[in-house]
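Input: a single structure, listed below in structure tokens.
The values are calculated or read from the model by the stated rules, or taken from the named source; none is laboratory data. Everything numeric in this text was worked out from a predicted model, so none of it was measured. No Cβ is skipped: glycine too gets one built from the backbone with ideal geometry, and neighbour counts run over all protein chains shown. Keep in mind that these areas ignore ligands, DNA and RNA; they rest on the heavy atoms of the full protein, side chains included. Shrake-Rupley method; radii C 1.70, N 1.55, O 1.52, S 1.80 Å.
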Amino acid sequence: MMNVLIVDDTKNIRMLLTKCMEMEGHHVTVASDGKTALELFQKEHFDIAFLDIKMPQFSGTEVLKEIREMGIY
């Protein structure tokens, strides 16, 4: 079982990915924006993250840059 983070500003995409990951037996956490995702990365370890590239205010690319600076790979 993996600990999965799904970050997307579109609710239907979050729901679809969550359902797919849970059906495979994984634990899923969701975030609807990049700021929330960064807060979650500071509190919890994730084995894999699905990041939406185009989100308002804080893109998936910016989230990736920030978590790399935090030493998360």
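For the reader, a short list of remarks on this structure follows.
- The phi-based Karplus calculation (6.51 cos²θ - 1.76 cosθ + 1.60; θ = phi - 60°) puts the 3J(HN,Hα) values of region 42-48 at 6, 9, 9, 8, 10, 6, 8 Hz, whole numbers, x for Gly and Pro.
- Between Lys19 and Lys54, the simple spin-label model (points 7 angstrom out along Cα→Cβ) gives 2.4 nm.
- Annotated for the chain: lysine pairs at least 8 residues apart or interchain, Cα distance under 17 Å, count 7.
- Relative to the 2.2 N^0.38 Å rule of thumb, the chain has a C-alpha radius of gyration ratio of 1.02.
- Coupling constants for region 65-72 follow from the phi torsions by the Karplus curve (6.51 cos²θ - 1.76 cosθ + 1.60, θ = phi - 60°), and in residue order they are 4, 5, 5, 5, 5, 7, x, 9 Hz; glycine and proline get x.
- Sequentially through region 25-31, phi angles give Karplus couplings (6.51, -1.76, 1.60; θ = phi - 60°) of x, 8, 8, 10, 10, 10, 9 Hz, Gly and Pro residues having no value and appearing as x.
- Of all accessible heavy-atom area on the chain, the percent that carbon and sulfur account for (1.4 Å): 56
- With K and R counted +1 and D and E -1, the other residues having a Cβ less than 13 Å from that of Val4 yield a net charge of -3.
- Under 5 Å, built H, 5+ apart or other chain: amide partners of Ile6: Thr29, Val30, Ala31, Phe50
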